[in-house]
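Everything on this sheet refers to the single structure shown next.
The values are calculated or read from the model by the stated rules, or taken from the named source; none is laboratory data. None of the values given here were measured: they were computed from a predicted structure. Cβ coordinates were reconstructed from backbone atoms using ideal geometry, including for glycine residues, and neighbour counts include every protein chain displayed.
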Amino acid sequence: MSTTRIIDFFDGLTDFRHPYRNKRHELIDIVAISICAVICGADSWEEIESYAKIKKDWLTKFLSLPNGIPSHDTINRVMSSICPLEFEDCFKNWIKSIIISSEEDVISIDGKTICGAKVNGKSPIHMVSAWSSFNNIVLGQIKVDEKSNEITAIPTLIESLAIEGAVITIDAMGCQSAITELIISRKSNYILALKENQSSLLEQVKDEFSFSKSETTIEDVDYGHGRIETRKCSVITDFKHLENYEKWKNLTSIIKIVNSAHVDHVIPLHRDQSFSYLKKSIFCSYHINKNITFSLGFYLS
C-alpha cells in the first residue's frame, strides 16, 4: 500500500549528531515538527517550538517524542546540520506522493527573490519554483545565484517533475525553442510569454495581429470597487508573418492579451499587451505570482 506519511519519507535522513552523545530527541521527530509548523505558517525557530507545544497531543499520535518537545535551539541546530540535497530529495518524493496528476493542471514556473535574504552585501537567494494550480502546492524549487541563471535552471526543474498532460506556463525568460522541445518530450503542453528580450520575434508576432484576417477575440469586462476592467484575448492559429515557427515544437497558436482599467467610466489607468506561445487553447498564468509570496521559514543552505 502506498503511503503519504512524512515519517516514511524522511526516516532515511542522515543524522549528523555524534552517535555516542546523549541524543534526547529523534531526528524524524524534529523534521516532522518543523515541516508541519512551517506549513501552518511558522517562520522562526521559536514559532516552530510554540506550534509543537500547542499541538503536542496531536503530534504524539505519530511521533515518539521520548523527551517531550525539543527546544527551538535544538530544532535550529539539528535542522541546520541536515544535508540540503538529501532533505530536498526526501521532500520531493513526499510531495510526489500527495499530489494528484491531472490533465487539467496548470504548472507555472517562475523565479522569485526571497525577501530579506540579502546578508552582508551578498546576493539574495533567488529561487525558481514550479507551482501546481490544481494541487495548490509547490512541486519543486531550484536555487540559482541570480535571475540571469533562471534559463539554465528551468530545464533541470522540468526534468525533475511529473508533468505529463499538464500545461506549463513560463515567463519571457523561458521563451526558448529548446525548452518547448523538452516540454513536448515530457508529453506536456506549454504557454510561453514573449517580451522585448526577443525583439525580432516580438515584431513578427505584432505583425501577425496587425495584418491577420483569422484572428479570434474574446472580451471580458469586470466591474468592482469603482473600476471597470476590460480584458481582451485574441488568438491566431494561421501564421503568415512568423518566420521559422517550425522550430517551436508543436506550436499551434499565438495569443495577445490587452488589459485596460477605467475609473468612473472616464480615465484609462493602464493598458498593456502580452504575447504568448500556446500549445493548447488554454490561457492560465500568474498563479505563481499571486500565491508564491512566501517562502519556507528557513532554507537549508
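Some notes on this structure:
- Within the range 225-262, the residues that satisfy the criterion of being polar (S, T, N, Q) and closer than 18 Å to V167 by Cβ are T237, N250, T252, S253.
- Among (1) hydrophobic (A, V, I, L, M, F, W, C); (2) in a loop (DSSP other than H, G, I, E, B); (3) modelled with pLDDT of 70 or more - the single one C115 does not satisfy: (3)
- Selected residue (criterion: nearest to I109 (Cα to Cα)) from residues of the range 153-179 that are charged (D, E, K, R) and modelled with pLDDT under 90: D171
- Among the residues of the range 153-193, the one identified as in contact with a Cys (Cβ under 8 Å, 6 or more places away or on another chain) and either in a loop (DSSP other than H, G, I, E, B) or surrounded by fewer than 21 Cβ atoms within 10 Å (Cβ to Cβ) (or both) is A193.
- The set of residues from the range 3-14 being free of Cβ contacts under 8 Å to residues at least 60 places away in the same chain and either of a type in the set (D, E, K, R) or loosely packed, with under 12 Cβ neighbours inside 10 Å (or both) comprises R5, D8, D11.
- For the range 63-88, residues that are surrounded by fewer than 14 Cβ atoms within 10 Å (Cβ to Cβ) and assigned to a helix (DSSP H, G or I) total 5.
- Of residues in the range 199-213 being under 13 Å from H241 (Cα atoms) and among the hydroxyl-bearing types (S, T, Y), the one surrounded by the fewest Cβ atoms within 10 Å (Cβ to Cβ): S200
- Members of the range 1-40 that are over 31 Å from the mean Cα position of the chain (by Cα) and within 15 Å of I75 (Cβ to Cβ): R17, K23, R24, H25, E26
- Condition broken by E150, with the remaining ones in (1) under 29 Å from K112 (Cα atoms); (2) crowded, with 19+ Cβ neighbours inside 10 Å; (3) modelled with pLDDT of 85 or more satisfied: (3)
- Among the residues of the range 1-35, just one is assigned to a helix (DSSP H, G or I), out of contact with any helix residue (DSSP H, G or I) (no Cβ under 7 Å at 6 or more places or on another chain) and either farther than 14 Å from I82 by Cβ or at pLDDT below 90 (or both), namely D8.
- Residues within the range 121-135 that are part of a loop (DSSP other than H, G, I, E, B) and either at pLDDT 85 or above or charged (D, E, K, R) (or both), tallied: 4
- Some residue of the range 241-255 being in contact (Cβ under 8 Å) with a residue 60 or more places away in the chain and either assigned to a helix (DSSP H, G or I) or surrounded by fewer than 12 Cβ atoms within 10 Å (Cβ to Cβ) (or both): yes
- The one condition in (1) within 26 Å of the chain's Cα centre (by Cα); (2) over 30 Å from N149 (Cα atoms); (3) small (G, A, S); (4) assigned to a loop (DSSP other than H, G, I, E, B) that S101 fails to fulfil: (2)
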